[in-house]
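Engineer: Structure below; questions to follow.
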Amino acid sequence: MLTSDMFQGETVHILGGGPSMADFDCSVLRLDPVIAVNNAGLDIFPDADILFVMDSRWFNWNRDRVGENHSGIRVTRQFQAPTNWQLPWPVTEVEHDKFGDFSESLDRLAGTHGGAMALNLAALTGAETIILHGFDMRPGNYHTDHKTPSQDHLYQDSFIPSLEGMAPHLARMGVKVGNATPGSALKCFPSTEQAA
């Protein structure tokens, strides 16, 4: 169950799916809470506290792997008739605020992609510091399993602006965000060295 204090005052790591995750060292996560987006919650860190998936169809595409590899909270945005999933484990649904820069409700998350919605979620669960991994914001992923890969132009036209729109809201909340992604095209959050 998602609560506004579940990660109160903690450092939360968000694992995205950019190419830089191919050589990711999980030891940097220590004992901190982790939100993994899509396949990162299966391939890289199955012990993630939260597995966040924007496209809820992903759960059907990966139903066998999720059941075997992830036991944390599973969260997705509302999509199509969830009663048709017939999944053997629970999934928490949240509404999608498609047009807002930031949501202040755990039941409704803003963002144009899974990484942005996961960032909104981390802030609303009480994180004091958020560290981004795999937020390359360039075409490509660390894996080739995407059923619906993103069009190349979306990184500059939609994905980066969505995160940039969240930055001032996070700053006002006093949430520090560091980007630990090598060579990231996302510049609105300082590198982890600068954020320390």
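A quick yes/no check of all residues on (1) free of Cβ contacts under 8 Å to residues at least 60 places away in the same chain; (2) open to solvent by less than 50 Å² (accessible area, probe 1.4 Å):
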| position | (1), (2) |
| --- | --- |
| A110 | yes, yes |
| A116 | yes, yes |
| A123 | yes, yes |
| A127 | no, yes |
| L132 | no, yes |
| R138 | no, no |
| H143 | no, yes |
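Each row is one residue, and each column tells you yes or no for (1) closer than 22 Å to R57 by Cβ; (2) part of a loop (DSSP other than H, G, I, E, B); (3) under 16 Å from the mean Cα position of the chain (by Cα).
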position: G100; (1), (2), (3): no, yes, no
position: P139; (1), (2), (3): yes, yes, no
position: T148; (1), (2), (3): yes, yes, no
position: F159; (1), (2), (3): yes, no, yes
position: R172; (1), (2), (3): no, no, no
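Engineer: I need a count of the residues in the stretch 174-193 that are under 18 Å from the mean Cα position of the chain (by Cα), among the small types (G, A, S) and part of a loop (DSSP other than H, G, I, E, B).
Structural biologist: 3
Engineer: Select, from A185, A180, A167, the only residue that is closer than 28 Å to N62 by Cα and either in contact with a Leu (Cβ under 8 Å, 6 or more places away or on another chain) or at pLDDT 95 or above (or both). Steps first, answer last, please.
Structural biologist: Details: A185 fails: closer than 28 Å to N62 by Cα; A167 fails: closer than 28 Å to N62 by Cα.
A180 is the lone residue from the list that is closer than 28 Å to N62 by Cα and either in contact with a Leu (Cβ under 8 Å, 6 or more places away or on another chain) or at pLDDT 95 or above (or both).
Engineer: Quick check: is even one residue across the stretch 88-99 in contact (Cβ under 8 Å) with a residue 24 or more places away in the chain, surrounded by fewer than 16 Cβ atoms within 10 Å (Cβ to Cβ), over 20 Å from F159 (Cα atoms) and of a type in the set (V, I, T)?
Structural biologist: Among the residues of the stretch 88-99, at least one is in contact (Cβ under 8 Å) with a residue 24 or more places away in the chain, surrounded by fewer than 16 Cβ atoms within 10 Å (Cβ to Cβ), over 20 Å from F159 (Cα atoms) and of a type in the set (V, I, T), which makes the answer yes.
Engineer: Of the conditions (1) surrounded by 17 or more Cβ atoms within 10 Å (Cβ to Cβ); (2) closer than 15 Å to L132 by Cβ; (3) not aromatic (F, W, Y), N39 fails just one. Which one is it?
Structural biologist: So the condition that N39 fails would be (2).
Engineer: Among the residues of the stretch 61-73, is any closer than 22 Å to T129 by Cα and in contact (Cβ under 8 Å) with a residue 24 or more places away in the chain? Give the steps one after another, and end with the answer.
Structural biologist: Applying the first criterion (closer than 22 Å to T129 by Cα) to the stretch 61-73 yields 72-73.
After this cut, where a residue has to be in contact (Cβ under 8 Å) with a residue 24 or more places away in the chain as well, the list is 72-73.
Yes, there is a match, as at least one residue in the stretch 61-73 is closer than 22 Å to T129 by Cα and in contact (Cβ under 8 Å) with a residue 24 or more places away in the chain.
Engineer: Name, by its number, the condition in (1) under 22 Å from S184 (Cα atoms); (2) modelled with pLDDT of 95 or more that does not hold for H143.
Structural biologist: (2)
Engineer: Kindly indicate which of G72, G18 is modelled with pLDDT of 85 or more and either touching a Ser or Thr at 6+ places or on another chain (Cβ under 9 Å) or buried (at least 22 other Cβ atoms within 10 Å of the Cβ) (or both).
Structural biologist: Working: G72 fails: either touching a Ser or Thr at 6+ places or on another chain (Cβ under 9 Å) or buried (at least 22 other Cβ atoms within 10 Å of the Cβ) (or both).
Only one candidate passes the filter, namely G18.
Engineer: Search the stretch 37-48 for residues that are closer than 12 Å to G16 by Cβ and in a strand (DSSP E or B) and pair each with any residue that is open to solvent by less than 40 Å² (accessible area, probe 1.4 Å) and among the aromatic types (F, W, Y) when their beta-carbon atoms are under 6 Å apart and the residues are at least 6 apart or on different chains.
Structural biologist: Listed pairs, sorted by first residue: V37/F52.
The values are calculated or read from the model by the stated rules, or taken from the named source; none is laboratory data. Every value quoted in this text rests on a predicted model; they were computed, and no experiment measured them. We place every Cβ from the backbone using ideal geometry, glycine too, and count neighbours over all the protein chains shown. Surface areas here come from the heavy atoms of the whole protein model, side chains and all, with no ligands, DNA or RNA. Shrake-Rupley method; radii C 1.70, N 1.55, O 1.52, S 1.80 Å.
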